[in-house]
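What follows is a set of notes on a single structure, which appears directly below.
The values are calculated or read from the model by the stated rules, or taken from the named source; none is laboratory data. Computed from a predicted model, the values in this text were never measured in an experiment. All Cβ positions, even for glycine, are placed from backbone atoms using ideal geometry, and neighbour counts span all protein chains on display. We work out accessible area using only protein heavy atoms, side chains counted, and drop any ligands, DNA or RNA first. Shrake-Rupley method; radii C 1.70, N 1.55, O 1.52, S 1.80 Å.
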Amino acid sequence: MARVVVVGGGLAGLAVALRLAKQGEEVTLVERSGSLGGALRPVEADGWSWDGAVTWTMLPAVLRDLVHKTGRPLERELDLQPLPVLREHRFVDGTGLLLPGGSRQAQRRAFEELGTGLGDQWLAHTDAYAPVWETLRHGYLEPWETTDDGPSARARELLVSRETLRRRLRGALRDDRLADVAAYPLVLDGHAPRDVPAWAGVTSWLEQCFGGWRVAGGTARLLDLLVGRLALRGVAVHTGTDVLDVVVRNGRAAGVATTLGVLDADVVVCAVDPRRLPTLAPLVRATVPALPPALTHVGLDDPPPLEHEVVLHGDPLVVVRPSAPGAWTVLGRGQGASDPLGDLARAGIDVRDRVVTRVDRSPRALVEEWGGSPLGVLWQGRGTARHRIGPRTPVPGLYAAGAHAVPGSGVPFVGMSAALVVHAVLADLGRPVEP
């Protein structure tokens, strides 16, 4: 039985801790804040509740795998529901698009309603990403296919390709509205398409193939399930405890120094921004964190009906996400993102006189609250992929999981990162890998 210390109690840390504990390792989880969950934590005020930074997910198999590998199957614990509409896009020219997920032909019909020929144009764009996903999945993101030395040769070739997302969109999509839809997930996370490698646009294909899925009752239900399993799996949890650095002895990780003292370990997993740990910070100095957008949570009296996410393109980019009837979260990204409700009003959604309660959270406040950004590393060109670390690091016995270790944010990429780390840890310990 190996002693494992996991730094960080967000989704990545919870997933790694539970998976390794299920495999019989002695696991301790350390979290700086007073509660677990990170960006999964709901926001509550004046009797209202909103989802945190996560409201739905792609690739439901990643979530099913995590829940099943740490306890009972997901279907016996949570109600995971498909979203008939991923989001509504409203463009600066006054037109709009209801974007379905999980269906190639449904998306074609939706884009054809936007303009004749646009459906086929969109499918040609997304179809080109099918082999990209296969290369990423088999050679980079899934543990049973990756090599001990990291990505496969084909994946490494893809990761350093020169084509940018902006160039890909300009060549494949002759309508700016389609380009806005394709770039939206990355732009919302703070990335400029000119700095993003073209392969990172695979999200459009994933949404089309696998759709979007929401946990009935909100992501707080998922968090409660995972936190509840910590005790079941014998994980020791220290909240309100800051990790000062990794303890290195004889050239390998041997524990962590915390505000409670030193916790000895055979394995240390960093599931937070590596910049927080002096041992790892020099290894990622060439990267910059992607900062979250500003969030405004509002509780509304007699709200207008809103059943799905609404994206208002332009500058600023404004997004409305309903957590429950009347409980909206407004996200703002751009130079003018200082008055989200005013931006909504100018787009024809004026709810300023219906606000019962309001909670504003700036990007700086969010980073402080979460102990870092859940969006990982900012794309600064193709070299960014090479500057990430994880699942292994140059320090033996020290591993990295989470959005900072993989080329994407959100439940799917973070969940796959945790599985990669667990696979690497078990392999290095000489243990059988997870079934």
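The angle between the Cα long axis of helix 176-188 and the main principal axis of the chain comes to about 30°, on a 0 to 90 degree scale. Its residue count N sets the reference 2.2 N^0.38 Å, and the alpha-carbon radius of gyration of the chain equals 0.96 times that reference. Net charge in the neighbourhood of residue 104 (other residues with Cβ under 14 Å of its Cβ; Lys, Arg +1, Asp, Glu -1) is -2. A full extension of the chain between residue 315 and residue 46 corresponds to an added length of 93.7 nm, given 0.36 nm per residue minus the alpha carbon distance. Tally Lys and Arg at +1 and Asp and Glu at -1 over the other residues with C-beta under 12 Å from the C-beta of residue 240: what net charge comes out? Here the charged neighbours net out to -1. Between residue 35 and residue 357, the modelled labels are 1.2 nm apart [label points 7 Å from Cα along Cα→Cβ]. Here the mean projected area of the convex hull built on the C-alpha positions of the range 167-249 is 10.6 nm². The residues packed around residue 51, meaning those with a beta-carbon under 10 Å from its beta-carbon, carry a net charge of +3 if Lys and Arg are +1 and Asp and Glu are -1. Of the residues 49, 38, 17, the one whose Cα sits farthest towards the positive end of the charge dipole of the range 1-60 is 17 (charges of +1 on Lys and Arg Cβ, -1 on Asp and Glu Cβ, taken about the Cα centre). Distance from the Cα centroid of the range 398-425 to that of the range 268-286 is 14 Å (rounded to whole angstrom). Taking trypsin sites (Lys or Arg not before Pro) as exposed when DSSP calls them loop (any state but H, G, I, E, B) and at most 12 other Cβ atoms lie within 10 Å, what is the longest stretch of the chain free of them, the sites themselves excluded? Here the longest segment lacking exposed loop sites spans 1-161. Looking at the chain, the DSSP beta bridges with both ends there are about 70 percent antiparallel.
Between the range 231-254 and the range 1-76, the alpha-carbon centres lie 17 Å apart. In this structure the amide hydrogen of residue 377, modeled in the peptide plane, comes within under 5 Å of the amide hydrogens of 290, none closer than 5 places in sequence on its chain.
Between residue 368 and residue 85, the FRET efficiency from the beta-carbon distance, with R0 = 25 Å, is close to 0.15. In a fully extended conformation the segment linking residue 339 and residue 286 would gain 15.8 nm over its present Cα-Cα distance, using 0.36 nm per residue. Computed over protein heavy atoms with a 1.4 Å probe, the accessible surface of the chain works out to 41 Å² per residue.
Rounded to the nearest Hz, the phi-derived 3J(HN,Hα) couplings of the range 105-110 under the Karplus curve 6.51 cos²θ - 1.76 cosθ + 1.60 (θ = phi - 60°) are 6, 5, 5, 4, 4, 4, where x marks glycine and proline.
Element breakdown for the chain at a 1.4 angstrom probe: carbon and sulfur atoms account for 50% of the accessible area. The dipole here belongs to the range 32-82: it is taken about the Cα centre, uses +1 on the Cβ of Lys and Arg and -1 on the Cβ of Asp and Glu, and is about 300 debye. Estimated from the Cβ-Cβ distance and a Förster radius of 35 angstrom, the FRET efficiency linking residue 301 and residue 175 is about 0.35.
Per residue, the average separation of C-alpha pairs within less than 8 Å and at least 6 apart gives the range 12-98 a relative contact order of 18 percent. Computed from Cα positions, the angle between helix 11-22 and the longest principal axis of the chain comes to roughly 40 degrees. Think of each Lys and Arg Cβ as +1 and each Asp and Glu Cβ as -1; about the Cα centre, that makes the dipole of the chain roughly 1020 debye.
Per-residue Karplus couplings for the range 78-86, computed as 6.51 cos²θ - 1.76 cosθ + 1.60 with θ equal to phi - 60°, are listed in order as 9, 9, 8, 10, x, 8, x, 10, 5 Hz, Gly and Pro entered as x. Dividing the radius of gyration of the alpha carbons in the range 193-318 by their Kirkwood radius gives 1.05 for Rg/Rh.
Coupling constants for the range 153-170 follow from the phi torsions by the Karplus curve (6.51 cos²θ - 1.76 cosθ + 1.60, θ = phi - 60°), and in residue order they are 4, 5, 5, 4, 5, 5, 4, 9, 4, 7, 5, 9, 5, 4, 5, 4, 5, 5 Hz; glycine and proline get x.
The charge dipole of the range 26-152, taken about the Cα centre with unit charges on the Cβ atoms of Lys, Arg (+1) and Asp, Glu (-1), comes to about 240 debye, rounded to the nearest 20.
Stretching the chain fully between residue 195 and residue 106 yields a gain of 29.0 nm (0.36 nm per residue, less the alpha carbon separation).
Based on DSSP H segments of at least four residues, each scored -39500 (n - 2.57), the chain has a per-residue ellipticity at 222 nm of -9000 deg cm²/dmol.
How large is the translational diffusion coefficient of the range 67-199 in µm² per second when you combine the Kirkwood radius over alpha carbon pairs with Stokes-Einstein at 10 °C and 1.306 mPa s? This corresponds to a translational diffusion coefficient of 92 µm²/s.
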